[in-house]
Amino acid sequence: DFEAFLLVLYPEDFEGHDLSYEQWKSVLHLSTRWEFASLRKLAMKSIKPPTPYDQLLLTCAYAVDNWVLPALSALCTRAMPVTLKE
């Protein structure tokens, strides 16, 4: 988690951040915990949850309230039915 956080805090390339979903999730986790508002905002803008279910989990874990309705809508309108895990 901390390594991904540092990659964003001290980037080698200021043009952009080429982080994976898991790395952005770590940045979101630590920036929320340590109250780094600007890094949290960047993480929320940059993270691309692979599924609506993952987006909903992030919403609950990190209080990203504006993702609730889009995540629920995507879950309800997708062609694949909701699984037992979801």
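The values are calculated or read from the model by the stated rules, or taken from the named source; none is laboratory data. As the structure is a prediction and not an experimental result, all values here were calculated from the model. Please note: Cβ atoms are built from the backbone with ideal geometry, for glycine as well, and neighbour counts cover all protein chains shown. Note: areas computed on protein heavy atoms with side chains; ligands, DNA, RNA excluded. Shrake-Rupley method; radii C 1.70, N 1.55, O 1.52, S 1.80 Å.
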Scanning the stretch 27-53 for residues that are hydroxyl-bearing (Ser, Thr, Tyr) and touching a Phe, Trp or Tyr at 6+ places or on another chain (Cβ under 6 Å), the one surrounded by the fewest Cβ atoms within 10 Å (Cβ to Cβ) turns out to be Ser46
Restricting the search to the stretch 30-79, which residues are among the basic types (Lys, Arg) and within 26 Å of Pro11 (Cβ to Cβ)? Arg33, Arg40, Lys41, Lys45, Lys48
Need pairs with beta-carbon distance below 9 Å; first residue closer than 19 Å to Lys25 by Cα and within the stretch 64-86, second open to solvent by 100 Å² or more (accessible area, probe 1.4 Å); sequence gap 6+ or separate chains. Val68/Cys60
Selection count where residues are assigned to a helix (DSSP H, G or I) and of a type outside the set (Gly, Ala, Ser), scope the stretch 33-53: 9
Tally time: how many residues in the stretch 54-71 are within 18 Å of Phe5 (Cα to Cα) and surrounded by fewer than 16 Cβ atoms within 10 Å (Cβ to Cβ)? 1
Out of everything in the stretch 7-26 that is open to solvent by 50 Å² or more (accessible area, probe 1.4 Å) and assigned to a helix (DSSP H, G or I), what residue ends up being farthest from Ala63 (Cα to Cα)? Leu7
Any residue in the stretch 54-70 that is closer than 15 Å to Glu22 by Cα, among the polar types (S, T, N, Q) and assigned to a loop (DSSP other than H, G, I, E, B)? no
